[in-house]
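J.: Submitted below is the structure of interest, expressed as structure tokens.
The values are calculated or read from the model by the stated rules, or taken from the named source; none is laboratory data. Not measured: the values here are computed from a predicted model. Cβ atoms come from the backbone with ideal geometry, glycine included; neighbour counts cover every protein chain shown.
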Amino acid sequence: MGKARRKASDAGTERAGKTASSVHASNSASSSAAAHPRQPPGPDSAADPSAEPGSDGLDSGISAAERELFGGKLRYDSSFVQHEQPLLKVGFWGMAKALPQMVAVVVRAAWAADRRALYGVVAAELGQGLTAAFALVAANRVLTELFAQGPTTDRLRMALPALAAITVVAMCSAVLAAWSVAMSGRLEPQVERAVSTRYYAATARVELRATEEPAVQRSLEAGKFGTDSARRMIGSSTAVANALIGLAAAGTVLVTLHPLLLPMLLLVAVPKGWGAVRSARREYASRRHWVDHRRAIATLLQYVTMPHAAPEIRVHGAGRLLLRGYEEMSASMETEQRRLAREQASTQLIAAAISGVAALGVYGVLWLLLTTGGMPLAVGGTAVIAIRTSTGKLTALVTQLNRTYEEALYLADTEEACALADQHTIPTAGKALPKRVRQIRLERVSFTYPGATRPSLDEVSLTVPRGTVVALVGVNGSGKTTLAKVLAGLLLPTAGQLWWEGDCAPDDGQEGSKEGQEGTGASAVEVREADRAEVFSQVALLGQDFPRWQMSARTNITIGDGTTAADQQRLEQAARDADARTIVDGLPYGWDSIVVKGYERGTQISGGQWQKLANARIRYRAAPFVLVDEPTSALDPHAEIDTFARLRRMTDDGTTLVLITHRLAATAAADHIYVLDHGRLVEEGDHAALMRRNGGMYRAMYEAQAAQYGHPPTRQDAPATAQHAPTDQAAAPAGQAAAPAQGQGQAATASEGGG
């Protein structure tokens, strides 16, 4: 999202607009409908003021275009909409009472970020208040001298010192205002950075399972909208303080001059303040009521310019439908703007009329006091000046208080999200893993996602030995990806145990060797007791929906080991091993090319090329346990066979490979295969053993793939990738099948298609 400063009147709408494209593009799972502690009633609820027909003159209906294109209002089920009605739910005095607590939040953040800048802002605002008071006193002195008896030249000469004082005070006020702007400008980005760093650092440490809980998910999502609110609250809080100090200074001076002047000031200023509050709330209600329409319009327009939608817009004529919808919805918006303008004009006229009547009464009282000798003429003139300046201060106070209150709601969400993230953070300490891990062993491991009615894993027991290829096979939803996350330490079992087993190092400090060697001892650490950071350091992940980092080609690989500085030699080796070096050679700026269009040095690469970069990323990490989920889904058949062979060769140096794929030609080359169904382990063995099992699930899936090419395999068939198996067959399970002919392996591999 952009960080540009918004106008106060468009603060909420711009936030929604900036978020529209990102929410639509990501289609985030975080749009859960679970309730949030502060979530307001839905758009159709009677508790929603904007949903009531006729409320504040608003039409609660939707346009025909919205109903046609979206089936109704385009309202996001997302956390940033929970504060869409704050000013309609809380009155002015309620906001005023909450002001100290709201400002305290941002003051604490500013104190932690830059105390000197905070001192500078406070001093500048207090100084401006004092200069305003001095200006009124000096103005009173000038008027006193001008209205005194005597020649005009003498009166002007006597007023010169006070006029000079006013000039000096004005200069000081200008300097202090500039100093406040400078200090605020210095403080704002630091506060935003401090709040953002705290939020994102806390979010990055949250247990993966906790992010599946709707309440946690919603809170974490809501928190991100408060990071830039911290910055904006510096400016709005400063403006509130400026207005309050100015009003206090004017009131103090007037009370000193005459006790009746303060009530007179309030009598004139309050009607205009009421008008400002009324106008602000009406504009806010209109903006919030129509924010769904604005989102719908933004969605239509972004489709028109989206590259991936361009073909259908041109061939299918979808652009005409989108533009027609835009014109209809825009016409509805224009009607609303005309209605709002009429009502705002009426409010301003009413406020001006009331204020005018009040001013007439005040001036009448002033005339009476002046004619009866109850007030000097100079004091009356000072009162007029104070009333005019204080009215503007009151209007500014109302506007900035509205803005501060709204921003504070989002900042409070960030504070809440950080606190919740701290409750669910991944522990930073634990037992050290064995020096040389021999295997990962699961004992009756179960895992159930929050809110799920059945477990994704149900009492799974298996072993992943070091230096082998272990394949996880099953239909969609069988629990393969969940099992991989459990193996990686991302998800902790809800039942059962997961052990990292290996050898302890000898007392002389040398690393333990293979199991059974004299001088070493067995060691096992259960994952809940382990140092999770160390567990993660042992694992490299390549998910099915791996991140496509919109960065340089270099970073897309070196980000696989974000704890160390980039190593060019490791980078080159990883790229060669994954057959990604030729991709980089073809990029216009080599390693410095940004692998996405839309930027300078940007270029577009294919899905298969992305997959090779991702394969290079796990090689760059050089972790002993590698988990890959559909690592060839975007590759052509020849590249797929080559990639599986390259992955298989990773075990030559003792790396363990856990492979999840529907390409059973590749799983057939695994040392051991585990077959999952509805979260349970139903079959296991090597390819040959599973193919000998009549009625087995694995055999049925393998034969179904091969049958697409009209050549059902025999139970001894294995894919071409098996020819790359290690020559040391002693490490493989007994009965490992020999490699079949190349053509058969290609047929089975290609049965699900390449990129």
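J.: Output the residue which, of all residues in the range 486-498 that are outside any loop (DSSP other than H, G, I, E, B) and crowded, with 20+ Cβ neighbours inside 10 Å, is farthest from the chain's Cα centre (by Cα).
T.: Ranking the candidates gives L498 first.
J.: For the range 650-681, what are the residues that are modelled with pLDDT under 90, under 20 Å from G467 (Cβ atoms) and in contact with a His (Cβ under 9 Å, 6 or more places away or on another chain)?
T.: Those that are modelled with pLDDT under 90, under 20 Å from G467 (Cβ atoms) and in contact with a His (Cβ under 9 Å, 6 or more places away or on another chain): T667, A668, A669.
J.: What residue, among those in the range 574-598 that are surrounded by 13 or more Cβ atoms within 10 Å (Cβ to Cβ) and free of Cβ contacts under 8 Å to residues at least 24 places away in the same chain, is nearest to I641 (Cα to Cα)?
T.: R576
J.: To continue, here is another question. Go through (1) farther than 20 Å from A495 by Cα; (2) of a type in the set (K, R); (3) surrounded by fewer than 20 Cβ atoms within 10 Å (Cβ to Cβ) one by one and return the number of the condition K393 breaks.
T.: Exception for K393: condition (3).
J.: Considering only residues of the range 109-160 that are exposed (fewer than 13 other Cβ atoms within 10 Å of the Cβ) and over 45 Å from the mean Cα position of the chain (by Cα), which is modelled with the highest pLDDT?
T.: If we take residues in the range 109-160 being exposed (fewer than 13 other Cβ atoms within 10 Å of the Cβ) and over 45 Å from the mean Cα position of the chain (by Cα), then L160 is modelled with the highest pLDDT.
J.: Would you be able to tell me the number of residues in the range 223-273 that are under 20 Å from A138 (Cα atoms) and assigned to a helix (DSSP H, G or I)?
T.: Result for the range 223-273: 16.
J.: Sticking with this one: Would you mind finding the one in A706, A665, A700 that is without any contact (Cβ under 8 Å) to a residue 24 or more places away in the chain and part of a helix (DSSP H, G or I)?
T.: Being without any contact (Cβ under 8 Å) to a residue 24 or more places away in the chain and part of a helix (DSSP H, G or I) holds for just one of A706, A665, A700, which is A700.
J.: Tell me, yes or no, whether the range 416-429 has at least one residue that is of a type in the set (G, A, S), under 30 Å from E501 (Cβ atoms) and assigned to a loop (DSSP other than H, G, I, E, B).
T.: Yes.
Conditions (1) more than 44 Å from the chain's Cα centre (by Cα); (2) surrounded by 16 or more Cβ atoms within 10 Å (Cβ to Cβ); (3) of a type in the set (G, A, S); (4) within 30 Å of L301 (Cα to Cα), marked per residue:
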residue	(1), (2), (3), (4)
S330	no, no, yes, yes
T335	no, no, no, yes
R338	no, no, no, yes
Q348	no, no, no, no
A351	no, yes, yes, no
G356	yes, no, yes, no
V362	yes, yes, no, no
W367	yes, no, no, no
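J.: M375 versus (1) in contact with an Asp or Glu (Cβ under 7 Å, 6 or more places away or on another chain); (2) at pLDDT below 80: which is the lone unmet condition?
T.: (1)
J.: Go through R619, R649 for me and flag whichever is farther than 20 Å from Q544 by Cα and part of a helix (DSSP H, G or I).
T.: R649
J.: Turning to a different aspect of this structure: Determine if the range 456-464 includes at least one residue that is modelled with pLDDT under 90 and of a type outside the set (A, V, I, L, M, F, W, C).
T.: Within the range 456-464, the first condition is being modelled with pLDDT under 90, and the residues that meet it are none.
No.
J.: Considering G679, G607, G654, which residue is assigned by TED's automatic domain parsing to the domain that holds D561 and small (G, A, S)?
T.: Criteria check complete, one pass: G607.
J.: Return the residue satisfying two criteria in turn: it lies in the range 436-466 and is of a type outside the set (G, A, S) and within 28 Å of the chain's Cα centre (by Cα), and of such residues it is surrounded by the most Cβ atoms within 10 Å (Cβ to Cβ).
T.: Here is the first cut: in the range 436-466, the ones of a type outside the set (G, A, S) are 436-445, 447-450, 453-455, 457-460, 462-466.
Next cut, within 28 Å of the chain's Cα centre (by Cα) only: 447-450.
On the way: F447: 23, T448: 18, Y449: 15, P450: 15.
That would be F447.
J.: Given the criteria in contact (Cβ under 8 Å) with a residue 24 or more places away in the chain and surrounded by 21 or more Cβ atoms within 10 Å (Cβ to Cβ), does L433 qualify?
T.: no
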